[in-house]
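The numbers here are math on the coordinates, done by the rules we state, and not lab data. Just so it is clear, the structure is predicted and the values come from calculations on it, not from any experiment. Neighbour counts are summed over all protein chains in view; Cβ atoms, including those assigned to glycine, are modelled from backbone coordinates with ideal geometry.
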Amino acid sequence: MGLALGFPLDDARAIVAYNRAVFDRFVRKVRKLPGNDATRRRGIGHESLFGTLVHILNVQEVWLVYIARGRNTDKELGVLFDDPSRHPKDWAGFDAYAQRVWSEVDLTVRGLKPGGLNRPIKAFWMTGTYTVRDGFLRATFEEAHHLGEIIGALWQKDVEPPAMTWIEVRRRPAPTRSRGKAAP
């Protein structure tokens, strides 16, 4: 399994923008659920829809804010893992945490230089050799996996999940025609 997936820096930026857009769609959908549906235990990976969304932020933060920047020691990550703001209990705390994570992810992406995706990185709990590019993919695939859990939970309640494919999220809206004018 020595094959690597290569993509340039602009593609990494597009992937992060897509991840954020899809995540935001799911947050809006879950936030609109009635009663305690967002926080009810469902037996999915992080129990509730809310908890799963928090976990996605945790992964983005660990991989794209800490590990991608070389802040990967047991001590540095231990302080992060113990930070209570990473485990919000309500939407206000969630919003503050999400803003912090996405702002820092944006800083990481803006700070990358050509060739920066090839830089080796290390997570103290994982063996092997991997790169910043692999960290971007790790965060992306982890988000997709957990959004799949949310999709399944929404389907169980006959709730339509938001559109989330690359094409649906990235396409530009079609131009609107004004009434009374002929199409060009």
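Odds and ends about this structure:
- Projected label distance in nm at Arg40 and Trp91, using a 7 Å step from Cα toward the beta-carbon: 1.7 nm
- Spacing of the modelled spin labels on Lys32 and Asp11, each 7 Å from Cα toward Cβ, amounts to 3.4 nm.
- Checking (1) 1.16; (2) 0.96; (3) 1.48 against Cα Rg over 2.2 N^0.38 Å calculated from these atoms, the matching label is (1).
- DSSP-loop trypsin sites (Lys or Arg not before Pro) across the stretch 33-135, with at most 15 other Cβ within 10 angstrom: Arg40, Arg41, Arg71, Lys89, Lys122
- Annotation for the stretch 102-121 versus the stretch 124-153: alpha-carbon center distance of 16 Å.
- Selected from His46, Gly148, Leu77, residue furthest toward positive end of dipole (the chain; charges at beta carbon): Gly148
- Magnitude of the charge dipole, the chain, Cβ model with Lys/Arg +1 and Asp/Glu -1, debye to 20: 780 debye
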